[in-house]
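See structure below.
The values are calculated or read from the model by the stated rules, or taken from the named source; none is laboratory data. Only a predicted model underlies this, so the values are computations on that prediction, with no experimental measurement involved. All Cβ positions, glycine included, derive from the backbone under ideal geometry; neighbour counts span all protein chains shown.
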């Protein structure tokens, strides 16, 4: 069992499932001969050939439209949108065709597709290469939105996404693509979707996050633990549809909740979690719900990126405010 | 030998990454042949050979990032050059200074073994850096990695190490000079051996051999982490297996682990779910209705009938509960052969019940869980003092109230939650404030809650004073003079009745600092007294405070107060106006100031005067007129 990075886990899951399921087709900008700008599809073209791994023109609307057509005909398209910031031409096809095909045809046609997109900041990238717009998709009924936070979950959740009968947006946290390694066994075991993962268990406060921010959240939890505070750390993983039950259960235990998201503060998944907890678990709360998020501005360039994205310090500050509240 | 520096590959990017070398050292190449694939933001670009000749050195391996303008390859040959355009077709000729310089380097190759080291981006995307100090001299021999120079960026002083071993032949600039990123910093004759880029540019050095993109910098770590099997419940199972079990509503304790060290795997959970009786019991009955296959219409009907769905036998297609099934079950129950109809309790009902039991005291700041706790314990929250950051009540506060420990109502806020302190242990014991200190705490809180305080500051020029003047007596006289001209500040304001009483007589309170706390003795009818008389009364009062014989009557009834803190330290202040008074004067320490007078620049002594007044009872104009009159009196020679 090799220790591999998150991007290698994506590659491993793709190769593994493509060997198992011939209906899977991988295509997108530079995914073929080049192997993808981040090397997610490295070696797939050589292994599975022109018919299953294809380079497309720079035309996201076409990539998504092609996926809708293929999926309706029984294929399992796995398109890559090179950066999440480029998805907007494809948004129409995803939201108005892929998301509602099953409903529109009363179940006669389904859309088994997995749209892969690297998202998020922290790599000093140019404009519109760094956003976290997961909430836009989570808001559309009919779409599943899945975000792995580490190599193990990238492998298990991508397999699950590939096997799901409906469209799944698989958002890859590019900042942690190569940050840590896990020993991942290529055993073909899919992880459950629509379920949170609990990374730490504690009694004093619940920290909830997903994707790249899990890295900072876990570091913050470690710092809090040094003070004798025990922390529940929850990786939401599937942000739509969301497993609120696990979060409720944790809040019932701790009475304190801090949500960490990289995306801008307003109208994000963090807001949704806060609203759900306020609606159903307000009687369990010992303190207001805390949020640590990006700011309601355009994602800045490299120099200010560090200020924009929630840091371990910001998470600690908010967690301590919540712990001190009552 | 010619060194080829990486040109801008057409997107104005600071660097590019080597994907694959198409040549190796010793190869013969012809100008225009592709020699390397470089990855830029979005594309892999093939870089053609600029010269015909023999490859003598390759800089970097696949995965390495080469800064634009840094060496890429060395070729020994006849110097035939390929047109620059072939390298950077998309670059307008005048875009990037660095690119231009790179082009110049290509056109005029440096001599063999001669290296120009250009200032790299010192890791913050800054355009330049300033030389702080050279740590080498021309002619000095350096080893790759040795610190050559200290450079100051916006935030830090960075030590720049030698990229090669060799002899320094030239240094560009001296301490204080600003060098632009990409411009020559030092030249040296190389003795071979490239220093790891790590030291100069830590961020980029971290890239591993397989990092693909150069849109920014993907951080690379080599830490191998493990998904730990959380064992709060003593069960060995990883987060994924636990997540699946939760989703399938399966109790882990019934499962046998087949993984390493008996860890419960995903396969174990799935097997357990398929065979519940053999290995695991499904969790709690509450979930049963949710597991039923039932359409919204049938569910709505069942809800309307108050029917417990677990009592319904599904007969629909694929085990679905139909509306008919619901009706059959309902009839069965009415007939008495299916047990009692169990009304479905709407979630709102439960919430409503609990809320009803909760303390509804208005204006009480307490989180719902605290209210529920107080209600359960029968504690009236309106009588509990909150110690939270916004005066909110914590569970600890409720517990304190339960113990009858109402000390919290007057004591300073204490630490709230039971978690261990984060900082070093504090020493000393809490001490209850008593006597004058307690009176001060209460009076100040009341004043803070009530008074709309506004302050004005000025300085009184006392250069004209006759020698030997009694400063305190003069200040008291000036306050009296101010009150005579603007009586509005010599007043009491009753906020409950909204009445203001303007006094004809000045009863001057004077704040006196004593080991027992703050005292404010009063000099009654101060306006009838001369300077020396005022001084005499004040001295009498001070003596009485010291020996404890001060009478309450001599400490009440002040109509305006003086706080002469300047005798200790401080220049201006915003002292607290204690109701019903409406103004207080703070006097800071005397100081000297250069001022322009008729003769030119002169050194004058000044008294800093601060006036704080209650804006509910006085206008800004009244306060300023009072202050003006006071200053005018202070300026007089005697």
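Assorted remarks:
- Of the residues examined, residue B:162 is one that is buried (at least 19 other Cβ atoms within 10 Å of the Cβ), over 17 Å from residue B:183 (Cβ atoms) and modelled with pLDDT of 75 or more.
- Within segment A:185-197, if we keep just the residues that are in contact with a strand residue (DSSP E or B) (Cβ under 6 Å, 6 or more places away or on another chain) and at the interface with chain B (Cβ under 8 Å from one of its Cβ atoms), the residue that is surrounded by the fewest Cβ atoms within 10 Å (Cβ to Cβ) turns out to be A:194.
- Highlighted here are the helices (runs of 4 or more DSSP H) found entirely within segment B:344-454 that include at least 1 residues which are more than 9 Å from chain A (Cβ to nearest Cβ), closer than 30 Å to residue A:281 by Cβ and at pLDDT below 80: B:347-357.
- The set of residues from segment A:160-184 being within 11 Å of chain B (Cβ to nearest Cβ) and either closer than 15 Å to residue A:7 by Cα or in a strand (DSSP E or B) (or both) comprises A:173, A:174, A:175, A:176, A:177, A:178, A:179, A:180, A:181, A:182, A:183, A:184.
- Filter result for residue A:112 (more than 14 Å from chain B (Cβ to nearest Cβ) and not in a loop (DSSP other than H, G, I, E, B)): no
- Checking A:241, A:264 one by one, the residue that is away from chain B (no Cβ under 14 Å), modelled with pLDDT of 95 or more and either within 14 Å of residue A:134 (Cβ to Cβ) or crowded, with 24+ Cβ neighbours inside 10 Å (or both) is A:264 and no other.
- Within segment B:291-312, residues that are more than 18 Å from residue B:331 (Cα to Cα) have Cβ atoms under 6 Å from residues that are modelled with pLDDT of 75 or more in these pairs: B:292/B:309; B:292/B:321; B:293/B:319; B:293/B:320; B:294/B:321, counting only partners at least 6 apart in sequence or on another chain.
- Elements of the type helices (runs of 4 or more DSSP H) sitting completely within segment B:198-289 and holding at least 2 residues that are at pLDDT below 75, surrounded by 14 or more Cβ atoms within 10 Å (Cβ to Cβ) and under 35 Å from the mean Cα position of the chain (by Cα): these cover B:202-205.
- Residue in segment B:57-73 that is crowded, with 19+ Cβ neighbours inside 10 Å, modelled with pLDDT under 80 and not in a loop (DSSP other than H, G, I, E, B) present: no
- The set of residues in segment A:93-110 that are farther than 17 Å from residue A:241 by Cα and in contact with a helix residue (DSSP H, G or I) (Cβ under 8 Å, 6 or more places away or on another chain) comprises A:93, A:97, A:101, A:109, A:110.
- If you check B:469, B:495, B:505 for being under 29 Å from residue B:605 (Cβ atoms) and surrounded by fewer than 18 Cβ atoms within 10 Å (Cβ to Cβ), only one passes: B:469.
- Boolean, residue A:304 is more than 8 Å from every other protein chain (Cβ to nearest Cβ) and modelled with pLDDT of 95 or more: no
- Members of segment B:505-519 found to be modelled with pLDDT of 90 or more and either assigned to a loop (DSSP other than H, G, I, E, B) or over 46 Å from the mean Cα position of the chain (by Cα) (or both), listed by number: B:505, B:506, B:507, B:508, B:511
- Among the candidates B:607, B:568, B:585, B:601, residue that is within 16 Å of residue B:471 (Cβ to Cβ), in contact with a strand residue (DSSP E or B) (Cβ under 8 Å, 6 or more places away or on another chain) and surrounded by fewer than 18 Cβ atoms within 10 Å (Cβ to Cβ): B:568
- Residue in segment A:135-147 that is within 14 Å of chain B (Cβ to nearest Cβ), in contact with a helix residue (DSSP H, G or I) (Cβ under 8 Å, 6 or more places away or on another chain) and outside any strand (DSSP E or B) present: no
- Strands (runs of 3 or more DSSP E) lying entirely in segment A:7-98 (those with 1 or more residues that are touching a residue at least 60 places away in the same chain (Cβ under 8 Å) and more than 14 Å from chain B (Cβ to nearest Cβ)): A:24-28, A:76-80
- Residue in segment B:1-19 that is over 24 Å from residue B:118 (Cβ atoms) and either assigned by TED's automatic domain parsing to the domain that holds residue B:163 or in a strand (DSSP E or B) (or both) present: no
- Segment A:203-237, subset touching a helix residue (DSSP H, G or I) at 6+ places or on another chain (Cβ under 7 Å) and within 9 Å of another protein chain (Cβ to nearest Cβ), residue surrounded by the fewest Cβ atoms within 10 Å (Cβ to Cβ): A:229
- Criterion violated by residue B:333 - all others in (1) in a loop (DSSP other than H, G, I, E, B); (2) more than 32 Å from the chain's Cα centre (by Cα); (3) at pLDDT 50 or above satisfied: (1)
- Selection within segment B:539-558 - part of a helix (DSSP H, G or I) and without any contact (Cβ under 8 Å) to a residue 12 or more places away in the chain: B:539, B:540, B:543, B:552, B:553
- Residue A:99 fulfils the conditions (1) surrounded by fewer than 21 Cβ atoms within 10 Å (Cβ to Cβ); (2) assigned by TED's automatic domain parsing to the domain that holds residue A:14; (3) on the phi < 0 side of the Ramachandran plot; (4) more than 14 Å from the chain's Cα centre (by Cα) except for a single criterion, (1).
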